[in-house]
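The next block holds one structure in the form of structure tokens; read it before the comments.
The values are calculated or read from the model by the stated rules, or taken from the named source; none is laboratory data. Small disclaimer: the values here were computed from a predicted structure and weren't measured. Every residue, glycine among them, receives a Cβ derived from its backbone with ideal geometry; neighbour counts consider all protein chains shown.
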Amino acid sequence: MAEPNTVEILLVEDNAQDLELALRALRKAKISNRIHVARDGAEALEYLFCEGPHAARQIEQGPNVILLDLKLPKIDGLEVLKKIKGDSRTRTIPVVVLTSSKEQSDVVASYQLGVNSYIVKPVNFERFSDAVRDIGLYWLLLNQPPKLDD
């Protein structure tokens with residue numbers, strides 16, 4: 001189980017409607033506690049790498065899973081993914097791309113960069129809600145992360 005101040009889910013989403021739908025789905029599944037929201041790629045990286053307003057945070061208290069949109073302002077999702085998977089301190093954090101992009105080039109690039117799962121956002125609220133709930137339940141309750149040496 002996570003430490004008391006540990007964020008379990010980092011939700012990186014700039015679209016206000018998709019963000020609200022995702023948060024509502026996580027609340028409905030009773031996995032809404034300890035979620036940190038980043039509204040652009042730069043904010044996500046500051047959070048993950050303990051920079052700027054997050055400088056007091058310990059990188060070891062990283063999220064258990066990252067839900068990452070690709071089409072983000074400032075720094076796009078593929079660049080965020082590249083930085084996460086390129087750093088030994090964050091490489092093992094599961095990243096689920098949750099995006100509206102069906103572009104094959106985005107799918108291929110995401111997997112080449114080490115994404116754990118790529119999901120195209122359903123436009124229907126019920127399906128979107130089910131997808132977010134299932135993602136949260138799987139990565140927080142079923143997935144077995146590696147034990148890292150301190």
Please go through segment 91-135 and pick out each residue that is touching a Leu at 6+ places or on another chain (Cβ under 6 Å) and hydroxyl-bearing (Ser, Thr, Tyr). THR99, SER101
When you go through ALA25, ALA44 one by one, which is the residue that is crowded, with 18+ Cβ neighbours inside 10 Å and either of a type in the set (Asp, Glu) or modelled with pLDDT under 95 (or both)? ALA25
Residue, farthest from LYS83 (Cα to Cα), within segment 100-124, restricted to residues that are part of a loop (DSSP other than H, G, I, E, B) and without any contact (Cβ under 8 Å) to a residue 12 or more places away in the chain: ASN124
Going through VAL120, VAL108 one at a time, which residue ends up being among the β-branched types (Val, Ile, Thr) and exposed (fewer than 15 other Cβ atoms within 10 Å of the Cβ)? VAL108
Residue selected from segment 79-99 under the condition among the polar types (S, T, N, Q) and in a loop (DSSP other than H, G, I, E, B), by the criterion surrounded by the fewest Cβ atoms within 10 Å (Cβ to Cβ): SER88
